[in-house]
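Have a look at the structure below, then the notes.
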Ligand code: ADP
């Protein structure tokens, strides 16, 4: 029989002028080539696989499947220009079919001329295949296949029961509503999702389950569904019997018979958990944003800290070079003048006296510098001991002003001192307070150009005393102002190198702090600087 089919098939190929042809058998489990002419079937491996897939997914049973786009795209890949497919026989349309495929590069001729000839040969071939088919099916060797086929038939025959089982095992809410919108059927697990039994849901209107606020949205979706036979998707909350709210994504479609809507089908996917996670995510979003903000703040702070440390390092090394310079200048004078005195015994007495005075002043300057540095490290190490006494601040300031008059005069700076007549008592370490005002007045003179003015003003307030030291000097820029009380900070003024170490104001601030006073500063480049110091007055008797 096989030989017969083979021969008929070859004649058909010749008559139709087909260069290549295949006779194929497909069922749901396998595909096989019954016969072929022309090219090697291995060459058509992909084509056969795709055709088998097409057969299984669509159950094609057309006389010609040439029009199918999937098929077209496979054939285009092959080395033939046109083709023709004839379904010659099908024992079971769904599960088992035989296809005859003839490829021809002369389609027109094949399609129109000698139509009757090849149609009659096709019929013969069809009968042969049919007979061959029955023969082989009855053979023992093919029984397992026959069994599979029988099982498959049983499943298909009992599809309703199987389908119902499928509904029951589904975790979704699967339902049928009548044309009014009342439940006709619902699956067990679906009813359970709504805390109802199947029987309780029967006859209930779908909208009864929809909370009031969602009613309009759901009604709109349902009426949209009723206006077409399209599948409609919407999400809604459904009230369960226990008054819980469960979120569902519902996909529904109308059931139409004879042009009339007779009901609705729907599947509800319980998205309560997803909704809950989404809600939690929404709630977490601001927290996430806040954390991100905190992280970037912390990053900025760390960055600032590290650049501060770098800055401090830079300031420290600058300080070391400045302080060495500050030490070296008085030392050079001291050594220079003492050497002159020692090496020249004939030095006039007057000159000797003058040199000794310079040596003394420079020695004092050196001692003051060393004391300042020591004081700062003592305060920082918590080692400072205050020797507090009650004394007259006005009197003390008067002495400092007088001591600075000479240096002010050298620059033709007017040094003014304005104060209340009465004494103002302060309970403080007199030496330290003297040092701090000396530093402020010194700076005022140091940073004021010739012919300028420095004023020290004392205001007797209610519980406090306010001391204002203002000058008409070079001023401090807004950018530098916040840093002047920082250790080793020196305002850089390119071109005008005024000596200093950047510790004077640190000492001033620390002294004021440990005396629980206050200091503030205002300045404008080119217009001068004003320091305001405040202390609590003492009401004790003067020591
Ligand atoms: P320095 O030993 O460098 O004078 P200070 O701690 O006393 O150090 O002062 C810090 C910086 O503040 C100085 O470099 C100076 O530029 C600036 N400064 C202090 N007082 C004045 C002032 N009265 N006028 C202008 N600049 C001042």
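Highest-first packing order for the peptide set 160-173, 444-457, 342-355 is 444-457, 160-173, 342-355, based on the mean count of other beta carbon atoms within 10 Å. Between residue 32 and residue 377, the simple label model (points 7 Å from Cα in the Cβ direction) yields a spacing of 10.3 nm.
Can you tell me the FRET efficiency between residue 522 and residue 367 if r is taken as the Cβ-Cβ distance and R0 is 35 Å, rounded to the nearest 0.05? Before the final figure, lay out the partial values.
Numbers: r = 33 Å, r/R0 = 0.94.
So, using R0 = 35 Å, E works out to roughly 0.60.
Applying 1/(1 + (r/R0)^6) with R0 = 22 Å to the Cβ-Cβ distance of residue 184 and residue 213, what FRET efficiency is obtained, to the nearest 0.05?
Working: r = 27 Å, r/R0 = 1.22.
The pair residue 184/residue 213 has a calculated efficiency of 0.25.
What is the order of 222, 491, fewest Cβ neighbours within 10 Å to most?
Working: 222 22, 491 18.
So the residues, fewest neighbours to most, are 491, 222.
Pair-distance distribution of region 364-409: all C-alpha pairs, bin width 5 Å, starting at 0; shares per bin in whole percent are 5, 16, 13, 17, 25, 17, 6, 1.
At full extension, residue 163 and residue 513 could sit 117.2 nm farther apart than now, given 0.36 nm per residue minus the alpha carbon distance. Each peptide in 242-251, 433-442, 282-291 was scored by the mean count of other Cβ atoms within 10 Å over its residues; highest first, the order is 433-442, 242-251, 282-291. Mind checking the log10 I(q)/I(0) for region 157-309 at q = 0.08, 0.09 Å⁻¹? Debye, one equal scatterer per Cα, no solvent, two decimals. Taken in order of the listed q values, log10 I(q)/I(0) reads -0.36, -0.42.
Which whole-number percentage describes the relative contact order of region 428-491, with Cα contacts under 8 Å and a sequence gap of 6 or more?
On the way: 53 pairs, mean separation 16.5, N = 64.
Once divided by the residue count of region 428-491, the mean separation gives 26 percent.
For the residue pair residue 243 and residue 407, what label-to-label distance in nm results when each label sits 7 Å from Cα along the Cα-to-beta-carbon direction? Taking the two extended label points, one gets 8.6 nm. Separation of region 414-457 and region 274-312, taken as the distance between their Cα centroids, equals 49 angstrom. Show log10 I(q)/I(0) for region 359-502 at q = 0.09, 0.12, 0.15 Å⁻¹, two decimals, from a solvent-free Debye sum over equal Cα scatterers. Values returned for q = 0.09, 0.12, 0.15 Å⁻¹ are -0.32, -0.59, -0.94.
What's the Cα-based Rg to Rh of region 329-395, Rh via Kirkwood?
The Rg/Rh ratio comes out at 1.22.
The residue 462 and residue 281 beta-carbon pair, evaluated with R₀ = 60 Å, returns a calculated FRET efficiency of approximately 0.50. Between residue 260 and residue 399, the contour length at 0.36 nm per residue exceeds the alpha carbon distance by 38.7 nm.
A short reminder: the numbers here are calculations on the coordinates, not readings from a lab. Only a predicted model underlies this, so the values are computations on that prediction, with no experimental measurement involved. Glycine gets a Cβ as well: all are built from the backbone with ideal geometry, and neighbour counts include every protein chain shown.
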